[in-house]
Amino acid sequence: MSKSAGSLSPSDSSEQDRALVKQALEGNEAAYKALVQKYSKALTMHVQRLVRKPEEVDDLVQESFIKAFSALGSYSVEYAFSTWLYKIATNHAIDYLRKRKLKTYSIDSSSCPTPPIARTATSWPTNDASSSRTPSTPCPRNTTKSSSCGINRKNRMKRSRGSSTCRSGR
């Protein structure tokens with residue numbers, strides 16, 4: 001009595017995956033298509049939960065399959081193919097999220113603030129009259145609050161204890 005594809009037990013499904021991987025490694029395109037068809041919907045839902053940007057999900061899933069099939073030779077049959085594939089998709093989605101969160105500054109534009117790491121000791125604002133920023137000037141990075149930046153360390157420490165703080169000086 002044969003089982004239908006939808007009622008495979010996990011061990012039967014893993015055995016089927018191992019056979020498809022072996023065939024794919026031998027160059028069988030139908031095996032590639034079968035693996036993509038089998039995991040495409042589930043992987044799409046998985047990536048969508050991580051990224052939450054529907055317009056990016058299909059691209060990320062496709063790139064995950066490309067990465068997986070490029071590294072198919074490194075897959076170990078000791079583990080479930082689905083676990084290996086999900087790990088690749090998860091890592092790819094995390095990489096995407098990390099890249100999206102990186103703040104970039106144009107080196108051509110003078111209106112962008114200098115990133116804190118690029119500042120030197122001489123480029124920090126001072127309290128003297130020649131400074132373009134005084135303690136009452138609003139913090140350029142704190143657009144939602146009207147608090148001002150602490151210019152020196154003592155002022156920053158006092159303000160960080162208060163309720164309205166500007167943490168860009170840290």
Q.
Over the Cα atoms, compute the radius of gyration (one decimal) and Dmax (the largest Cα-Cα distance, rounded to a whole number) for segment 11-101, in Å.
A. 13.2, 41
Q: Would you mind checking the pairs LYS33/LYS87; LYS22/LYS53; LYS22/LYS67; LYS33/LYS101; LYS38/LYS101 and listing those with alpha carbons more than 26 angstrom apart?
A: LYS22/LYS53; LYS33/LYS101; LYS38/LYS101
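Read-outs throughout are calculated quantities, based only on the coordinates presented, and are distinct from any laboratory measurement. Remember, predicted model here, so these are calculated numbers, not experimental data.
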